[in-house]
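**Student:** What follows is a structure written as C-alpha cells; I'll ask about it next.
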Amino acid sequence: MKKLILGGLIAIGTMISSSSFAQSIPAMVKASLTKTYPTVKNVHWDKESPNYEAGFKLDGKEMSILMDSKGSILETETAISNKELPASVFSYLKTKFGAAYKISETAFIVKADGTKIYEAEVKGLDYMFDNSGKFIKAQKD
C-alpha cells in the first residue's frame, strides 16, 4: 500500500512540475508552434538548453520541433518506419554491427537551413545519415 501511495505522489508531482514548466515556455515560442501547427493538441514541452522542444502527434506521426527562445524553428523531427530509411543506411549498420543489429527508433530531421537527415538509433546511439543515406556521425541522444 505504501508503494502505491508513493507511486501516486510521484506521478502527481511529475504532472505538477510538467505543468509548471509548460507555463514557463516563452509566449513567442508557444505562438510560433500555434502559428506553424494550428491543429496540434497535447503538446509535451522539454527544455534543451538554451532551446525548447515541443513534442506532439500530427497526422498520426510523432513529431518534435526544436525552437530557440524567440520561437524560430531550428529543426523538425518526424518519426518514420524503418522501411522509409535509404538502403545504404541498412548496409552501413549491417557492416558496423553484423546482421543481428536492431534499430530502436528512426526519424527524419529537417534543419532550419533545409538540410535533411535520417536518424537511426542503435544500441543507445543515434546514427545520422544525409538525405542520400551516407553516414555523417553517431551521437548520444
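**Student:** Looking only at segment 68-79, decide whether some residue is farther than 29 Å from Ser24 by Cα and surrounded by 13 or more Cβ atoms within 10 Å (Cβ to Cβ).
**Tutor:** No.
**Student:** Here's another thing I want to ask about it. Hey, can you tell me all the residues within segment 103-141 that are part of a loop (DSSP other than H, G, I, E, B), within 25 Å of Asp68 (Cβ to Cβ) and not polar (S, T, N, Q)?
**Tutor:** Ala112, Asp113, Gly114, Asp141
**Student:** Is segment 85-93 home to any residue that is surrounded by 15 or more Cβ atoms within 10 Å (Cβ to Cβ), aromatic (Phe, Trp, Tyr) and within 24 Å of Glu48 (Cβ to Cβ)?
**Tutor:** No, because not a single residue in segment 85-93 is surrounded by 15 or more Cβ atoms within 10 Å (Cβ to Cβ), aromatic (Phe, Trp, Tyr) and within 24 Å of Glu48 (Cβ to Cβ).
**Student:** Further, regarding this structure: Could you list, in sequence order, all residues of segment 79-102 that are assigned to a loop (DSSP other than H, G, I, E, B) and within 27 Å of Ser64 (Cα to Cα)?
**Tutor:** Ile80, Ser81, Leu85, Pro86, Tyr101, Lys102
**Student:** While we're here: Restrict the check to segment 37-44 and report whether at least one residue is touching a strand residue (DSSP E or B) at 6+ places or on another chain (Cβ under 7 Å) and of a type in the set (A, V, I, L, M).
**Tutor:** Looking for residues that are touching a strand residue (DSSP E or B) at 6+ places or on another chain (Cβ under 7 Å) and of a type in the set (A, V, I, L, M), one finds at least one in segment 37-44, hence yes.
**Student:** Can I ask one more? Which is under 23 Å from Phe135 (Cα atoms) and either at pLDDT below 95 or in contact with a helix residue (DSSP H, G or I) (Cβ under 6 Å, 6 or more places away or on another chain) (or both), of Ile103, Ile109, Ile117?
**Tutor:** Ile103
The values are calculated or read from the model by the stated rules, or taken from the named source; none is laboratory data. What you see is a predicted model, and the numbers here were worked out from it, not measured in a lab. Cβ atoms come from the backbone with ideal geometry, glycine included; neighbour counts cover every protein chain shown.
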